[in-house]
Amino acid sequence: MKAKLDLTAEVAWSKLQQYYDANGSKLKIIDLFQQNPKRYENFSLEISTPDDGPILLDYSKNRLTEEALQLLMDLARAREIEAARDAMFKGEKINFTENRAVLHIALRNRSNKPILVDNKDVMPDVNAVLDHMKQFTNEVLSKQWKGFTGKPIEDVVNIGIGGSDLVVVHYQLPG
């Protein structure tokens with residue numbers, strides 16, 4: 001899959017931008033509901049999940065019209081989103097800025113189905129890190145984990161760095 005860097009160079013982006021420039025300031029959610037009494041039904045989706053019950057995706061309360069939705073779908077197709085999604089689920093290196101796979105799906109892989117990256121199942125490593133995180137969290141919450149002073153940790157500051165790497169695989173927690 002080839003990386004596409006300049007989103008604004010897409011024809012589909014230009015059409016979406018033109019639509020927004022012409023209509024964006026005029027779109028009021030209350031008006032959209034008044035114009036379309038079935039707006040909730042038309043702009044929401046319920047997805048069944050095997051383990052966690054249904055998930056409701058409700059985008060009816062956004063400044064979105066059928067035309068804008070179609071323009072967004074056109075942009076997604078132009079950017080080959082389906083191919084990127086499929087490549088992500090196959091463990092391909094779609095993070096082209098860092099030349100690596102993204103492991104978001106591995107963190108959420110409740111079925112524990114193998115996810116191969118460079119022909120290696122990453123799930124055992126991911127599960128080990130998740131188990132270690134759970135153990136560490138429980139030790140902090142139960143005040144068993146002591147800080148530098150020997151006193152229990154009372155406050156935790158989490159600074160996220162973003163990115164697609166499962167950072168804790170590379171950073172070994174002390175202990």
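The values are calculated or read from the model by the stated rules, or taken from the named source; none is laboratory data. As the structure is a prediction and not an experimental result, all values here were calculated from the model. All Cβ positions, even for glycine, are placed from backbone atoms using ideal geometry, and neighbour counts span all protein chains on display. These accessible areas exclude ligands, DNA and RNA; they are computed on the full protein's heavy atoms, side chains included. Shrake-Rupley method; radii C 1.70, N 1.55, O 1.52, S 1.80 Å.
Quick rundown of the values:
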| read-out | value |
| --- | --- |
| Among (1) open to solvent by 70 Å² or more (accessible area, probe 1.4 Å); (2) in a helix (DSSP H, G or I), the one test that Pro50 misses | (2) |
| Restricting segment 82-92 to residues that are buried (at least 16 other Cβ atoms within 10 Å of the Cβ) and free of Cβ contacts under 8 Å to residues at least 40 places away in the same chain, the residue that is farthest from Lys26 (Cα to Cα) | Gly91 |
| Conditions (1) touching a helix residue (DSSP H, G or I) at 6+ places or on another chain (Cβ under 6 Å); (2) in a loop (DSSP other than H, G, I, E, B): number failed by Glu98 | (1) |
| Residues of segment 53-81 satisfying the condition of being open to solvent by less than 30 Å² (accessible area, probe 1.4 Å) and part of a loop (DSSP other than H, G, I, E, B) | Gly53, Ser60, Leu64, Thr65 |
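Results for (1) touching a Leu at 6+ places or on another chain (Cβ under 9 Å); (2) in a loop (DSSP other than H, G, I, E, B); (3) more than 16 Å from Val102 (Cα to Cα); (4) modelled with pLDDT of 70 or more, shown as yes or no for each residue.
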position	(1), (2), (3), (4)
Asp125	yes, no, no, yes
Asp131	no, no, yes, yes
Lys134	no, no, yes, yes
Asn138	no, no, yes, yes
Thr149	no, yes, yes, yes
Glu154	no, yes, yes, yes
Val168	yes, no, no, no
Pro174	no, yes, yes, no
